[in-house]
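Asks: After the structure tokens below, expect a handful of questions from me.
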Amino acid sequence: MRLRAAVTAALTVLTATVVVTVASPPQRAEALDNGLTLTPPMGFNDWNAFGCDVSEKLIKDTADLFVAGGLKAAGYEYVNIDDCWMTHERDPNTGRLVPDPVKFPDGIDGTAEYVHARGLKLGIYEDAGTATCAGYPGSLGHEAVDAQTFADWGVDYLKYDNCNNAGSTTTEEYIARYSAMRDALASTGRPIVYSICEWGVNAPWTWAPEVGNLWRTTGDISDNWGSLKSIINQNKPLHPYAGPGAFNDPDMLEVGNGGMTDVEYRTHFALWAMMAAPLLIGTDLRRATPATMAILTNTELIAVDQDKLGKQARPIADAGGLTVFAKPLAGGDVAVALYNETDAPASIRTDAHSAGLPKAAGYLVRDLWQHSTAETAGTIAATVPAHGTAVYRVSVAGRDWRRHPPLTQLSATLPDAPVIAGQVLVEPGRPVTVRTAFVDDGRQPVRDAAATLTAPDGWSVAVKSSPVAPILPTGHTLKTRWKVTPPPGAAPGTYQLTAGAVYGWGTGKWGITSTIVPLLVAAPPPTGTTYLSDLAWLSASNAWGPVEKDMSNGETAPRDGHTITINGATYPKGLGTNAPSELDYYLGGTCTGLRADVGIDDEKDNSPANATFQIYTGSTLKADSGPMTSADPAKPLTADLTGAQTLRLVVTDNGTPDSDHADWAGIRITCS
């Protein structure tokens with residue numbers, strides 16, 4: 001949970017045209033025969049949003065919001081209490097755990113009664129060690145009394161963590177510790193979902209199906225894109241091991257906590273549904289925005305997650321940061337997700353037959369975000385925004401396929417402009433070329449197709465090739481070239497281009513589609529030598545908490561680091577990160593050099609941290625520290641920035657993602 005052990009090697013994600021095949025699929029263990037979680041559990045857990053600030057009132061408020069906010073109706077069932085719910089000592093007479101009387105004045109049994117009265121179920125937390133991750137009494141050696149206590153209280157779900165585990169290292173030791181609680185729960189006679197939280201340390205997918213109902217496959221998730229992307233890649237190849245009663249658990253949802261964009265949160269939710277993952281809300285529902293609730297209550301995606309086949313989606317194409325997932329569904333439909341982990345919009349294409357549907361004259365494609373249906377001759381395609389995911393439910397078309405519009409795709413690219421975190425970088429007064437492409441992937445042609453491009457007020461747009469096509473047959477593309485010029489005085493900030501297409505189909509029917517191109521106008525750094533911690537970055541991703549300015553990474557909260565210290569040497573200025581991390585800055589061709597001391601911060605002096613620091617201008621590697629550990633002194637890095645438009649600082653974890661608190665100490669640039 002809070003202990004981030006090295007869990008899996010990083011996977012290389014790379015295009016939507018290379019089919020991934022699995023030779024000799026691994027044998028899936030038999031699922032725990034307790035009749036529970038035939039589909040992935042859905043509910044709430046307080047840790048991601050509240051940490052140790054848990055209380056009876058929070059749990060009761062959440063239960064009420066499940067009912068009033070439509071979450072219960074959407075399928076959410078469990079309201080789960082995480083760590084810090086108990087006192088620091090067991091009852092001296094009975095040996096039982098004692099709920100904190102201030103946090104839970106009605107006790108856990110009273111809280112359970114309240115939750116049950118609303119048609120919901122209550123979950124609780126313990127640890128397969130001598131103490132929980134927050135230092136409260138653990139269940140190791142107390143499995144029987146704790147399991148019976150939970151049953152007596154009316155608990156329906158147990159999350160069982162892995163901190164303070166008495167030095168367990170081998171798979172056999174892990175199986176023994178977690179099996180002890182399995183057997184204790186079974187002996188109570190109460191149906192209690194058993195969630196194993198061992199962080200993927202000992203490949204639980206190979207043994208946990210016979211021990212628990214679900215098992216964590218990764219370290220803790222954080223509310224940032226770097227963490228989400230890493231966890232997706234770790235969980236992605238584990239599809240052979242999931243099934244009814246036994247599911248891979250890539251950790252709780254961060255949707256709504258504020259550290260990612262809505263596009264990234266939609267990817268989070270869509271891929272958890274595709275991967276048959278538990279859907280455990282981890283945000284404060286009392287403050288959830290309409291956008292957050294729209295994601296969490298998307299019943300069409302929930303239906304994919306809860307499909308009774310219980311299959312986890314498998315990648316059928318995976319290259320260049322673009323992945324196509326396919327998930328068979330009961331009744332013969334297939335869910336297809338087009339996932340773009342790159343920093344630029346991308347066109348991703350596959351076809352119905354590759355996704356696992358039988359050959360047919362045509363198919364229906366249901367967009368599970370837009371809740372609309374189109375017909376296709378077989379192609380499934382979309383222009384997917386950076387960090388975004390398009391997701392569809394695909395079926396063989398019936399006789400009434402003509403009543404649906406043809407599937408079309410519209411893309412807009414700026415081939416000569418750099419892209420930073422999904423935004424195209426443009427300069428005031430300098431024209432850029434924009435190319436739009438409108439494709440008909442349906443079985444029927446479209447007519448009178450017309451492309452449009454709209455820019456912000458004060459920007460000029462000139463069309464350079466034909467924007468119209470009287471007839472656009474199946475599989476054909478209307479390509480149009482444009483010139484867009486920002487005004488010379490355009491202020492730094494974010495802007496957008498809107499590409500559109502209007503077209504006719506069928507008899508007298510019209511369709512319209514559009515796509516947004518995010519733009520960024522950035523200001524160059526000031527002249528002279530400037531610390532990067534005094535400048536705003538264009539984008540930042542970090543594996544654990546936020547990137548910190550002028551302090552070490554610390555933990556997950558902002559500004560919770562310490563003085564940057566590398567092997568005893570302290571620095572008042574710099575950037576504190578946790579690998580893997582990336583930061584982007586705009587230079588505008590005005591800078592000449594960079595200097596920094598890099599190394600592992602002493603706040604993780606006893607950890608097996610191992611990281612490599614790299615400096616890029618555009619796609620060119622300018623400096624590389626080589627692997628560094630917590631035993632190494634700071635290493636000076638310099639880089640020539642002459643003529644560079646952008647700067648990227650990268651820290652890799654060298655395949656050992658364990659407390660890699662990596663400092664860019666005293667990092668500064670010189671510009672003219």
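The values are calculated or read from the model by the stated rules, or taken from the named source; none is laboratory data. Quick caveat, the model's predicted, so the values are computed rather than measured. Note that we place each Cβ from the backbone using ideal geometry, even for glycine, and neighbour counts take in every protein chain shown. Ligands, DNA and RNA are excluded from the accessible area calculation, which covers all protein heavy atoms including side chains. Shrake-Rupley method; radii C 1.70, N 1.55, O 1.52, S 1.80 Å.
Asks: So what's the back-of-envelope 222 nm ellipticity for the chain, counting only DSSP H runs of four-plus at -39500 (n - 2.57) apiece and dividing by all residues, rounded to 500? Present the calculation step by step, with values, prior to reporting the outcome.
Replies: Details: 10 runs with 98 residues, N = 672.
Calculated at 222 nm, the ellipticity per residue is -4000 deg cm²/dmol.
Asks: With the Cα gyration tensor of the range 37-138 in hand, give its eigenvalues times 5 under a square root as the equivalent ellipsoid semi-axes, listed largest first in whole angstrom.
Replies: Those come to 25, 15, 12 Å.
Asks: Further, regarding this structure: Quick one, can you get me the convex hull of the C-alpha atoms of the range 78-143 expressed as volume per residue in Å³?
Replies: On the way: hull volume 6.1 nm³, N = 66.
Dividing the Cα hull volume of the range 78-143 by its residue count gives 93 Å³.
Asks: Given 10 °C and 1.306 mPa s, compute D for the range 529-672 with the Stokes-Einstein relation, Rh being the Kirkwood radius over Cα pairs; round to the nearest whole µm²/s. Walk me through the numbers before you get to the answer.
Replies: On the way: Rh = 14.6 Å.
For these conditions, the coefficient is 109 µm²/s.
Asks: In the chain, what percent of the accessible surface is made up of carbon and sulfur (1.4 Å probe, ligands and nucleic acids excluded)? Don't skip to the answer; put the middle values down first.
Replies: Values: 13230 of 25190 Å².
Roughly 53 percent of what the probe reaches on the chain is carbon or sulfur.
Asks: 7 Å from Cα along Cα→Cβ at both E300 and T527: what's the point-to-point distance in nm?
Replies: For the pair E300/T527, the computed spacing is 5.7 nm.
Asks: At a probe size of 1.4 Å, how large is the accessible area of K464, to the nearest 10 Å²?
Replies: Using a 1.4 Å probe on the heavy atoms, I get roughly 100 Å².
Asks: Taking Rh as the Kirkwood radius, which is the inverse of the mean 1/r over Cα pairs, what is the Rg/Rh value for the chain? Kindly include the intermediate steps, with their values, before the conclusion.
Replies: Details: Rg = 26.5 Å, Rh = 26.8 Å.
So for the chain, dividing Rg by the Kirkwood Rh gives 0.99.
Asks: Which percent of Cα pairs goes in each bin when the distances of the range 488-611 are cut into 5 angstrom slices starting at zero?
Replies: 2, 8, 14, 16, 13, 11, 9, 7, 5, 5, 4, 3, 2, 1, 0, 0
Asks: Based on Cα positions only, what radius of gyration and what Dmax would you give for the range 593-672, in angstroms?
Replies: Just the Cα atoms of the range 593-672 yield Rg and Dmax of 13.0, 42 Å.
Asks: With Kirkwood's inverse mean 1/r over C-alpha pairs for Rh, give me the Rg to Rh ratio of the range 41-85, two decimals please. Each step should come with its number before you reach the end.
Replies: Values: Rg = 10.4 Å, Rh = 10.7 Å.
On the Cα set of the range 41-85, Rg over Rh gives 0.97.
Asks: Just to confirm, what accessible area per residue do you get for the chain at 1.4 Å probe, in whole Å²? Kindly include the intermediate steps, with their values, before the conclusion.
Replies: Numbers: 25190 Å² over 672 residues.
So the chain comes to 37 Å² accessible per residue, rounded to a whole number.
Asks: Here's another thing I want to ask about it. Using a 1.4 Å probe and ignoring any ligands, DNA or RNA, find the accessible area of I471 and quote it in Å² to the nearest 10.
Replies: Surface open to solvent at I471 totals about 110 Å².
Asks: Now a separate question. At 10 °C and 1.306 mPa s, grab the translational diffusion coefficient of the range 584-635 from Stokes-Einstein with a Kirkwood Rh over Cα pairs, rounded to a whole number in µm² per second. Please report the intermediate quantities before stating the final value.
Replies: On the way: Rh = 12.8 Å.
Estimated diffusion coefficient is 124 µm²/s.
Asks: Points 7 angstrom from Cα along the Cβ direction at F50 and D640: gap in nanometres?
Replies: Roughly 5.8 nm, to one decimal.
Asks: Quick one: work out Rg over Rh on the C-alpha atoms of the range 449-532, Rh as Kirkwood radius.
Replies: Numbers: Rg = 18.3 Å, Rh = 15.6 Å.
Taking Rg over the Kirkwood Rh, I get 1.17.
Asks: What FRET efficiency comes out for the pair T477/E89, r = Cβ-Cβ distance, R0 = 45 Å, nearest 0.05? Before the final figure, lay out each step's value.
Replies: Details: r = 71 Å, r/R0 = 1.57.
Result of the calculation: an efficiency of 0.05.
Asks: At a Förster radius of 41 Å, what calculated FRET efficiency corresponds to the Cβ-Cβ distance of D106 and A631, to the nearest 0.05? Before the final figure, lay out each step's value.
Replies: Values: r = 51 Å, r/R0 = 1.25.
After rounding to 0.05, the efficiency reads 0.20.
Asks: Let me ask you something else. Is the shape of the range 356-489 rounded, prolate or oblate, going by the alpha carbon gyration tensor and its root eigenvalues a ≥ b ≥ c, with a/c under 1.5 for rounded and a/b larger than b/c for prolate? Don't skip to the end; give the middle numbers.
Replies: Numbers: a/c = 3.08, a/b = 1.88, b/c = 1.63.
It comes out prolate by the Cα gyration axes.
Asks: Another question, if that's okay. Take the Cα atoms of the range 302-355, build their convex hull, and give its volume per residue in Å³.
Replies: Values: hull volume 4.4 nm³, N = 54.
So the per-residue Cα hull volume is 82 Å³.
Asks: Report the extension gain between T289 and L309 in nm, rounded to one decimal, defined as 0.36 nm multiplied by the number of residues separating them, less their alpha carbon distance. Intermediate values should be presented prior to the final figure.
Replies: Values: separation 20, 0.36 × 20 = 7.20 nm, distance 3.25 nm.
Taking 0.36 nm per residue and subtracting the Cα distance, the gain is 4.0 nm.
Asks: In vacuum, with every alpha carbon of the range 105-223 counted as one equal point scatterer, what does the Debye formula give for log10 I(q)/I(0) at q = 0.13 Å⁻¹? Two decimals, please.
Replies: Cα-only, vacuum Debye calculation for the range 105-223: -0.50.
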